[in-house]
1. Going by the structure shown, is T249 hydroxyl-bearing (S, T, Y), under 30 Å from I70 (Cβ atoms) and surrounded by 20 or more Cβ atoms within 10 Å (Cβ to Cβ)?
2. Could you list, in sequence order, all residues of the stretch 88-105 that are surrounded by 20 or more Cβ atoms within 10 Å (Cβ to Cβ), of a type outside the set (G, A, S) and either without any contact (Cβ under 8 Å) to a residue 12 or more places away in the chain or outside any loop (DSSP other than H, G, I, E, B) (or both)?
3. If V303 passes every condition in (1) over 14 Å from the mean Cα position of the chain (by Cα); (2) farther than 21 Å from V83 by Cβ but one, which one does it miss?
4. Considering every residue within the stretch 277-292, establish whether at least one is β-branched (V, I, T), buried (at least 20 other Cβ atoms within 10 Å of the Cβ) and in contact with a Ser or Thr (Cβ under 8 Å, 6 or more places away or on another chain).
5. Inspect all residues belonging to the stretch 20-35 and state whether any of them is in contact with a Pro (Cβ under 7 Å, 6 or more places away or on another chain), within 23 Å of A395 (Cβ to Cβ), at pLDDT below 50 and not charged (D, E, K, R).
6. Which count do you get for residues in the stretch 214-229 that are part of a helix (DSSP H, G or I) and either aliphatic (A, V, I, L, M) or touching a Leu at 6+ places or on another chain (Cβ under 7 Å) (or both)?
7. So in the stretch 170-204, with the set limited to residues that are of a type in the set (D, E), in contact (Cβ under 8 Å) with a residue 12 or more places away in the chain and over 14 Å from G148 (Cβ atoms), which one is surrounded by the most Cβ atoms within 10 Å (Cβ to Cβ)?
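The values are calculated or read from the model by the stated rules, or taken from the named source; none is laboratory data. Since this is a predicted model, take the numbers as computed values, not measurements. A quick note on method: Cβ atoms are made from the backbone with ideal geometry, for glycine too, and the neighbour counts reach across all protein chains shown.
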Amino acid sequence: MARLLLYSIDLHVTPFARLFRLMLTRAIVIVVLLLCTALPVSAEGPSSLATDLVLEVDLLMQRAMEERTIAGGVILVGNRQGVLLERAFGRVSPLPDAVPVAMDTVFDLASLTKVVATTPAVMKLAEQGRLSLVDPLVKWFPEFAGRGKDEVLVVHLLTHTSGLDDVILSPESPLQSALERAAAEQLKGEPGVRFKYADINFILLGELVRRVTGVPLDRYAAEVLYRPLGMAETGFTPDQETANRCAATLDGAGLPVLGVVQDYPARLLGGVAGHAGLFSTARDLSRFCQAILNNGTLQGRHVMAVRTVEQMTAPYFSRGGKVARGLGWDIASPYSSPRGKGFAEGSFGHTGYSGTSVWVDPRNDIYVVFLSVRLNYRDVKSLARLRAGLSSLVAAMFISRQTEEGPEPGMETASLPLPARVNP
């Protein structure tokens, strides 16, 4: 399938100019959709529904920029074969002279680090037999021995059911203080039962990768994931050239910061941490999502076994079945806004504080990557509505038509195994 046209909407224009540009954009999109085959086309001509839905995506992003929820962003939609739609909007920061967002703009992924770096790294080590998901935490962290943590397993860290809460890191010794304070705290509930999203789980997992391999998380993830998948723009601690192409995050004073991880604990940990610190582009994340949809393989490059992918994305239930999490991944929880309406049960994804999210639906062979320049950190509902709205439009644009017309010739529609697992 051909890609839809990429263009940018600029926030820093007068209302009249913005209206004129939006009208011009509508006309351009309609013309392009008439000429391209990026969406299914009937014998009578291109789908007017598809045209309307693309315009709705544009309007939703435009509204979010006008309301100052975001300054700009990118949305990329694809399947296991490649990219179906990609669009860029706005500017890389709220400053008047900021450059436009482009498809190669680099974003601070925030908590997407958990599922694009840490979780697959841990799963790869389990696949290699170098650790087990049911290893007790104390096997790898003797600091926790005799501190009431004997029942905590690696899998509990991955599902946020360890019973651990976040701790404050000391600037003088951030990692040591994280370990000591986590070991000293009392568990909040029985491991495997209570779901409480906490960064400390993935700070420990990032350190686990280092203890098992002898190299830091960034080096191991680059070796086993990013280089094989051709994700050349993905990594921790960007160099100056990469930082110059970064979208901004805002510091505590509301000032734009480029190329430095926004998360303060991750900064204390040197920019390489299991919970945050990864930078990437929409197109690199597209390659990662395609590999997941292709059961760990992309263009003949194998990074994970089929069983590993299935185990990583199968649901683990907590809160009496009210919350479903994969290993690292979110499936159905209070954080699942990027699922929207239309994605299948068992689809999975994650969000990032900086305004990022991904959602992957193997059953319908679709994924959506959304990276944004977040401005409003107090109104979490606005960003959640934007994520949900974009995913719902994507589902209406692609999944609904697949349901009506069936899969393309030669394309199989995969169905994700959903074993019921309670208290892993």
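1. yes
2. F89, R91
3. The failed condition is (2).
4. At the first step, the residues of the stretch 277-292 found to be β-branched (V, I, T) are 281, 292.
Pick out the ones that are also buried (at least 20 other Cβ atoms within 10 Å of the Cβ) and you get 281, 292.
Keeping just the survivors that are in contact with a Ser or Thr (Cβ under 8 Å, 6 or more places away or on another chain) gives 281, 292.
Checked the stretch 277-292: at least one residue is β-branched (V, I, T), buried (at least 20 other Cβ atoms within 10 Å of the Cβ) and in contact with a Ser or Thr (Cβ under 8 Å, 6 or more places away or on another chain).
5. The answer is yes; a qualifying residue exists.
6. Final tally of qualifying residues: 6.
7. Once the filter is applied, the top-ranked residue is D199.
Residue-by-condition table, conditions (1) in contact with an Asp or Glu (Cβ under 7 Å, 6 or more places away or on another chain); (2) within 30 Å of V99 (Cβ to Cβ):
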| position | (1), (2) |
| --- | --- |
| E190 | no, no |
| R194 | no, no |
| I203 | no, no |
| R219 | no, no |
| L225 | no, yes |
| G235 | yes, yes |
| Q240 | no, yes |
| N244 | no, yes |
